[in-house]
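*Asks:* Sharing a structure below in structure tokens format, with a few things to ask.
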């Protein structure tokens, strides 16, 4: 994958990888991811002080990220198998290390991301089996800017 230095880019230039929970690395790519979306949930505290004459003051005090991924179930691919196996787990067993690499080379590492598998292998008889999941931040991720 070429590093994007400027301008627009295709979404496939983003890459995802998984690893073991709590580790500093996630190097196992996940085969056949087709589509993803990212939702940032920002907690903002508001107050209206007398001296602001009715105007609100605000301070962002919390953050979380959810990455929703749609792909195809690929038996035998290590990353795809690791995610699919989480469909039957609960609690801390659903935590993995998850790395998002941006097109410019920057990364964000979620050391204990919670993975919620939402679709695993079901569909029409003529369709290709899906693997769909959400990766939810669990504590502060580690962002590393592009070199």
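*Asks:* I'd like the per residue volume of the convex hull spanned by the Cα atoms of segment 49-111, given in cubic angstrom. Please list the in-between numbers first.
*Replies:* On the way: hull volume 12.4 nm³, N = 63.
That works out to 197 Å³ per residue.
*Asks:* Show me the ranking of peptides 75-88, 7-20 by mean Cβ neighbours inside 10 Å, starting with the highest. Mind showing how you got there, number by number?
*Replies:* Values: 75-88: 16.4, 7-20: 13.7.
For the peptides 75-88, 7-20, the packing ranking is 75-88, 7-20.
*Asks:* Hey, another quick one. Quick one: 116, 137, fewest Cβ neighbours within 10 Å first, how do they rank?
*Replies:* Details: 116 14, 137 20.
So the residues, fewest neighbours to most, are 116, 137.
*Asks:* Taking Rh as the Kirkwood radius, which is the inverse of the mean 1/r over Cα pairs, what is the Rg/Rh value for the chain? Present the calculation step by step, with values, prior to reporting the outcome.
*Replies:* On the way: Rg = 18.4 Å, Rh = 17.0 Å.
Computed over Cα atoms, the ratio is 1.08.
*Asks:* Under a plain spin-label model, where a point goes 7 Å from the Cα along Cα-to-Cβ, how far apart in nm are residue 50 and residue 140?
*Replies:* 3.6
*Asks:* Using a Gaussian network for the chain with springs between C-alpha atoms less than 10 Å apart, which of these wobbles most: 57, 97, 37?
*Replies:* The residue with the greatest mean-square fluctuation here is 57.
*Asks:* OK, next. In percent, what relative contact order does the chain have, based on Cα pairs under 8 Å that are 6 or more apart in sequence?
*Replies:* Details: 319 pairs, mean separation 38.9, N = 147.
Relative contact order of the chain: 26 percent.
*Asks:* What is the order of 27, 107, fewest Cβ neighbours within 10 Å to most?
*Replies:* Numbers: 27 11, 107 17.
Arranged by neighbour count, lowest to highest, 27, 107 become 27, 107.
*Asks:* Could I ask something else about it? With Rg and the Kirkwood Rh both taken from Cα atoms, where does Rg over Rh land for segment 1-54?
*Replies:* My calculation puts Rg/Rh at 1.25.
*Asks:* Running a GNM on the chain with Cα contacts under 10 Å, which residue among 51, 34, 132 ends up with the highest mean-square fluctuation?
*Replies:* Greatest mean-square fluctuation among the candidates belongs to 51.
*Asks:* Further question: Report the Cα centroid-to-centroid distance between segment 82-119 and segment 50-67 in angstrom, as an integer.
*Replies:* Using only Cα atoms, the two centres lie 29 Å from each other.
*Asks:* Shifting gears a bit: Is it possible to state the helix-based mean residue ellipticity at 222 nm for the chain, with each DSSP H run of 4+ residues giving -39500 (n - 2.57), the sum divided by total residues, to the nearest 500 deg cm²/dmol? What is it?
*Replies:* Working: 1 runs with 8 residues, N = 147.
The helix-only estimate for the chain comes to -1500 deg cm²/dmol at 222 nm.
A short reminder: the numbers here are calculations on the coordinates, not readings from a lab. The structure presented is a predicted model; accordingly, all values stated were derived computationally and were not measured. Glycine gets a Cβ as well: all are built from the backbone with ideal geometry, and neighbour counts include every protein chain shown.
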